[in-house]
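Undergrad: One structure, pasted below without further comment.
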Amino acid sequence: MTSVATPGLDNAPTTHARLLAWVREMAELTTPDRVVWVDGSDEEWERLTQQLVDAGTFTRLEKKPNSFWCASDPSDVARVEDRTFICSVDEADAGPTNNWMDPGEMKSIMTELYRGCMRGRTMYVIPFCMGPVEAENPMFGVELTDSEYVVVSMRVMARIGSAILEAMGEDRPFVPAMHSLGAPLDEGQQDVPWPCSETKYIVHFPEERMIWSYGSGYGGNALLGKKCYSLRIASVMARDEGWLAEHMLILKLTSPQQKTYYIAAAFPSACGKTNLAMLEPTIPGWKVETLGDDIAWMRFGEDGRLYALNPEFGLFGVAPGTGWDTNPNAMRTIDKGNSVFTNVALTDDGDIWWEGMTEEPPAHLTSWKKQDWTPGSDEPSSHPNSRFCTPITQCPILAPEYTDPKGVPISAILFGGRRKTTIPLVTEARDWNHGVFMGATLSSETTAAATGAVGVVRRDPFAMLPFIGYNAGDYFGHWVETGKQHDATKLPKIFYVNWFRRDEDGGFLWPGFGENSRVLKWVVERLEGTAAAEETAVGHVPTPDSLDVSGLDMTREQVEKALAVDKDEWRAEVPQITEWFQKFGDKLPSTMWDELAILEHRLA
Ligand code: GTP
Ligand code: SPV
Ligand code: MN
């Protein structure tokens with residue numbers, strides 16, 4: 001190969017043989033100008049953020065310490081589900097919900113894309129750990145990337161750097177996570193602020209526990225510890241090892257009687273996880289603390305209970321709609337600085353703004369497209385999938401248990417989606433299998449978190465449609481099996497919520513946000529056996545009197561509408577669910593058909 005040694009390649013700060021061999025192989029393929037081993041230090045952060053400012057990628061904010069405004073290429077703004085692949089050896093293992101290609105074929109396509117793709121750039125080696133490095137089996141990964149933006153963002157989102165590399169020793173297993181922007185630079189070629197490629201591939205090799213990403217610099221496409229590792233690859237590990245890797249927030253709820261409960265909740269992208277995780281209860285005496293806002297890894301403890309851990313270190317939250325009235329704790333978290341804001345608007349005095357931050361927009365802004373923006377402009381100032389990237393440790397209501405490698409024992413799991421009709425505000429499953437049925441049939445309107453049409457109702461099982469790293473039928477089976485293998489009295493109770501039901505005028509029936517504490521209160525009272533419920537065709541729904549709506553500006557009729565089970569609406573779901581289940585053929589656990597038969601029978 002090349003006769004001239006690549007700087008940084010031969011003086012690596014590790015003796016980990018497999019890692020060294022892989023870095024060498026990838027450097028020889030992608031031919032960067034140099035290789036840099038990321039140490040995670042403050043000096044490194046200073047150097048890289050300044051480099052991004054000099055390149056025109058970042059604008060330093062005057063109004064927030066150590067924080068940056070960033071605008072991506074307008075074509076690179078969200079996860080690309082149609083370019084995301086599960087390359088299992090056997091196509092059946094990817095299942096009907098994932099894109100699949102033969103791993104050998106994919107590797108040969110991507111090897112040609114990777115060849116020379118880092119020319120003129122630096123290859124950064126980012127050792128990272130998902131979850132505490134003090135864990136019994138720390139979950140290591142190493143991302144290779146040619147993007148400074150990715151390095152900086154990974155430092156916020158995951159535990160990275162020298163301490164992780166050291167903990168990896170010379171032979172600890174890790175997930176190789178290869179990333180390139182796919183934008184090589186020729187000698188003397190001027191770089192652009194947001195390099196990326198029109199060709200994009202987000203690829204997972206589940207048997208090898210390996211990730212290859214190409215062409216995008218944004219979010220889940222590029223920060224490979226997040227969706228690629230902690231959900232797609234981890235869900236495969238979880239299937240094989242008897243645990244669960246889920247798209248869930250984790251919160252701690254304390255009642256006025258000082259009793260604590262841990263709750264996990266799965267909602268699809270941009271459907272309210274970050275908001276619920278940081279909720280400020282409107283009902284007196286109740287307290288919420290945050291443990292995680294996007295991903296939960298759940299394993300059974302020796303006591304037979306299910307323990308959840310947030311493997312992430314930062315928040316990559318939807319900016320629009322985040323304001324002092326909706327999510328004050330997120331506002332307090334970002335106000336402390338040390339954050340990157342991508343595709344929001346820049347104020348004239350060096351701060352950030354987005355739709356929903358304040359009621360009145362500033363008179364003038366620079367939009368995410370770097371154009372002048374005034375309140376009369378036709379387009380929003382910020383992209384609907386614009387994000388804040390902020391250390392979770394800055395969250396003022398972070399629960400102290402966050403750092404405990406053991407996790408927290410979960411009492412209730414909520415599933416939820418964005419549905420204008422049909423789905424009541426809250427429904428309790430009759431038992432575990434009914435809860436699995438709720439998860440397996442979860443439906444939601446699509447959002448801007450992925451490219452493609454917005455507002456289209458689709459099945460999004462367990463809020464994991466784009467994140468299950470194997471056959472979704474097998475995944476449902478894994479959930480059913482999990483219920484069978486463990487003591488039913490210790491399993492979390494399962495609920496289904498919908499904050500997004502509308503009235504005839506198109507307005508939300510339920511005020512949402514902090515008021516969702518009223519639903520959490522009902523959930524806890526159901527766990528304690530103290531709240532009433534009506535048994536409906538679809539599960540246990542609060543009686544209007546059992547839901548605490550005191551002080552809420554809602555008529556009884558509105559509350560009833562939010563809770564209503566309309567049999568006609570549900571009958572219309574049945575053929576859709578049937579069609580959905582048929583996709584999975586033999587892989588669908590028969591209990592799911594049984595649950596559907598029970599639903600049909602109850603609706604008759
Ligand atoms: P990802 O980070 O993409 O996984 O999203 P998420 O599930 O964390 O969603 P997030 O909490 O960021 O909310 C997404 C959008 O939904 C924001 O614009 C919120 O303002 C809005 N939202 C969140 N909770 C509620 C609610 O209770 N009611 C209403 N009407 N909107 C909500
Ligand atoms: C999501 O889409 O669910 C996110 C954002 O949390 S991303 O990191 O881009 O996946
Ligand atoms: Mn998410």
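The values are calculated or read from the model by the stated rules, or taken from the named source; none is laboratory data. Since we're looking at a predicted model, the values are computed, not measured. Methodologically, a virtual Cβ is constructed for each residue, glycine included, from the backbone with ideal geometry; neighbour enumeration extends over all protein chains shown. Remember, those area values only see protein heavy atoms, side chains included, never the ligands or the DNA or RNA. Shrake-Rupley method; radii C 1.70, N 1.55, O 1.52, S 1.80 Å.
Undergrad: Among (1) over 24 Å from Thr447 (Cα atoms); (2) open to solvent by less than 30 Å² (accessible area, probe 1.4 Å), there is one condition Thr403 misses while meeting the rest; what is its number?
TA: It fails just one condition, (2).
Undergrad: Taking region 347-358, which residues are surrounded by fewer than 20 Cβ atoms within 10 Å (Cβ to Cβ) and within 14 Å of ligand 1 (Cβ to nearest atom)?
TA: Hits for region 347-358 are Glu355, Gly356, Thr358.
Undergrad: Also: Scan region 558-570 and report the pairs whose first residue is in a helix (DSSP H, G or I) and whose second residue is among the hydroxyl-bearing types (Ser, Thr, Tyr) and surrounded by fewer than 16 Cβ atoms within 10 Å (Cβ to Cβ), with Cβ atoms within less than 6 Å and a gap of 6+ or a chain change.
TA: Listed by first residue and then by second, the contacts come to Glu569/Thr421.
Undergrad: To continue, here is another question. Would you mind finding the one in Ile250, Ile202 that is open to solvent by less than 10 Å² (accessible area, probe 1.4 Å) and not assigned by the TED database to the domain that holds Glu25?
TA: From the options Ile250, Ile202, the qualifying one is Ile250.
Undergrad: From the list Phe476, Phe415, which residue is under 29 Å from Gly301 (Cβ atoms), touching a Gly at 6+ places or on another chain (Cβ under 6 Å) and touching a residue at least 40 places away in the same chain (Cβ under 8 Å)?
TA: Phe415
Undergrad: Among (1) within 28 Å of Thr254 (Cβ to Cβ); (2) among the aliphatic types (A, V, I, L, M); (3) more than 29 Å from the chain's Cα centre (by Cα), which single condition is Val497 missing?
TA: Looking at each condition in turn, Val497 falls short on (3).
Undergrad: Going through region 588-604 one residue at a time, which ones are of a type in the set (Lys, Arg) and under 12 Å from His434 (Cα atoms)?
TA: If the condition is that a residue be of a type in the set (Lys, Arg) and under 12 Å from His434 (Cα atoms), then no residue fits.
Undergrad: Among the residues in region 265-286, are any open to solvent by 20 Å² or more (accessible area, probe 1.4 Å), more than 16 Å from ligand 3 (Cβ to nearest atom), assigned to a strand (DSSP E or B) and not assigned by the TED database to the domain that holds Val89?
TA: There is no residue in region 265-286 that is open to solvent by 20 Å² or more (accessible area, probe 1.4 Å), more than 16 Å from ligand 3 (Cβ to nearest atom), assigned to a strand (DSSP E or B) and not assigned by the TED database to the domain that holds Val89.
Undergrad: Out of all the residues in region 307-338, which are under 16 Å from Arg155 (Cα atoms) and aliphatic (A, V, I, L, M)?
TA: Within region 307-338, Leu315, Ile334 meet the criteria.
Undergrad: In region 202-213, which residues are in a strand (DSSP E or B) and more than 16 Å from ligand 2 (Cβ to nearest atom)?
TA: Hits for region 202-213 are Phe205, Met210, Trp212.
Undergrad: OK, next. Checking the condition of a type outside the set (Ser, Thr, Tyr) and touching a His at 6+ places or on another chain (Cβ under 7 Å), which residue from Ala245, Ala266 passes?
TA: Ala266
Undergrad: Oh, and also: Having 3 or more residues that are open to solvent by 30 Å² or more (accessible area, probe 1.4 Å) and closer than 19 Å to Phe388 by Cα is the bar; report the strands (runs of 3 or more DSSP E) wholly within region 20-80 that clear it.
TA: Answer list for region 20-80: none.
Undergrad: Which residues, taken from region 85-104, are without any contact (Cβ under 8 Å) to a residue 40 or more places away in the chain and either within 25 Å of Arg18 (Cβ to Cβ) or crowded, with 23+ Cβ neighbours inside 10 Å (or both)?
TA: Hits for region 85-104 are Asp102, Gly104.
Undergrad: Separate question: Go through Asn275, Asn329 for me and flag whichever is more than 18 Å from Glu401 (Cβ to Cβ), in contact (Cβ under 8 Å) with a residue 12 or more places away in the chain and not small (Gly, Ala, Ser).
TA: Being more than 18 Å from Glu401 (Cβ to Cβ), in contact (Cβ under 8 Å) with a residue 12 or more places away in the chain and not small (Gly, Ala, Ser) holds for just one of Asn275, Asn329, which is Asn275.
Every residue, every condition in (1) open to solvent by less than 70 Å² (accessible area, probe 1.4 Å); (2) away from ligand 1 (no atom under 16 Å from the Cβ); (3) of a type in the set (Ser, Thr, Tyr); (4) in a loop (DSSP other than H, G, I, E, B), yes or no:
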position	(1), (2), (3), (4)
Glu360	no, yes, no, yes
Lys369	no, yes, no, yes
Gly376	yes, yes, no, yes
Ser382	yes, no, yes, yes
Cys389	yes, no, no, no
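Undergrad: Could you pull out the residue among Pro138, Pro132 that is without any contact (Cβ under 8 Å) to a residue 60 or more places away in the chain and either open to solvent by less than 30 Å² (accessible area, probe 1.4 Å) or farther than 26 Å from Leu465 by Cβ (or both)?
TA: Pro138
For (1) free of Cβ contacts under 8 Å to residues at least 60 places away in the same chain; (2) in contact with a helix residue (DSSP H, G or I) (Cβ under 9 Å, 6 or more places away or on another chain); (3) under 25 Å from Phe476 (Cβ atoms), each residue gets a yes or a no:
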| residue | (1), (2), (3) |
| --- | --- |
| Gly188 | yes, no, no |
| Ser230 | no, no, yes |
| Met237 | yes, no, yes |
| Glu241 | yes, no, yes |
| Glu246 | no, yes, yes |
| Ile250 | no, yes, yes |
| Leu253 | no, yes, no |
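Undergrad: Identify all residues within region 176-196 that are surrounded by fewer than 24 Cβ atoms within 10 Å (Cβ to Cβ) and out of contact with any Leu (no Cβ under 7 Å at 6 or more places or on another chain); write none if there are none.
TA: Hits for region 176-196 are Pro176, Ala183, Pro184, Leu185, Asp186, Glu187, Gly188, Gln189, Gln190, Val192, Pro193, Trp194.
Undergrad: State the number of residues belonging to region 436-447 that are open to solvent by less than 20 Å² (accessible area, probe 1.4 Å), within 16 Å of ligand 3 (Cβ to nearest atom) and part of a loop (DSSP other than H, G, I, E, B).
TA: 1
Undergrad: Out of all the residues in region 283-321, which are within 12 Å of ligand 1 (Cβ to nearest atom) and of a type outside the set (Gly, Ala, Ser)?
TA: Listed by number, the residues that qualify are Thr290, Asp293, Asp294, Ile295, Glu312, Leu315, Phe316, Val318, Pro320.
Undergrad: Of everything in region 287-315, what is open to solvent by 20 Å² or more (accessible area, probe 1.4 Å) and within 16 Å of ligand 3 (Cβ to nearest atom)? Give them in sequence order.
TA: Residue satisfying the conditions is Phe313 alone.
Undergrad: When residues of region 211-245 are filtered for being more than 16 Å from ligand 3 (Cβ to nearest atom), open to solvent by 10 Å² or more (accessible area, probe 1.4 Å) and within 29 Å of Pro193 (Cα to Cα), how many remain?
TA: So the answer is 2.
Undergrad: Could you say which residue among Glu148, Glu166 is in the same structural domain as Pro206 (by the TED database), open to solvent by 30 Å² or more (accessible area, probe 1.4 Å) and farther than 13 Å from Met118 by Cα?
TA: Sole residue among the options that is in the same structural domain as Pro206 (by the TED database), open to solvent by 30 Å² or more (accessible area, probe 1.4 Å) and farther than 13 Å from Met118 by Cα: Glu166.
Undergrad: Could you tell me which of the residues Leu442, Leu414 is within 16 Å of ligand 1 (Cβ to nearest atom), within 21 Å of Gly292 (Cα to Cα) and under 21 Å from the mean Cα position of the chain (by Cα)?
TA: Leu414
Undergrad: What's the number of the condition Ala319 fails, among (1) open to solvent by less than 10 Å² (accessible area, probe 1.4 Å); (2) away from ligand 2 (no atom under 15 Å from the Cβ); (3) not polar (S, T, N, Q)?
TA: Looking at each condition in turn, Ala319 falls short on (2).
Undergrad: On the basis of being within 16 Å of ligand 3 (Cβ to nearest atom) and not small (Gly, Ala, Ser), does Thr422 make the cut?
TA: So Thr422 fails the test.
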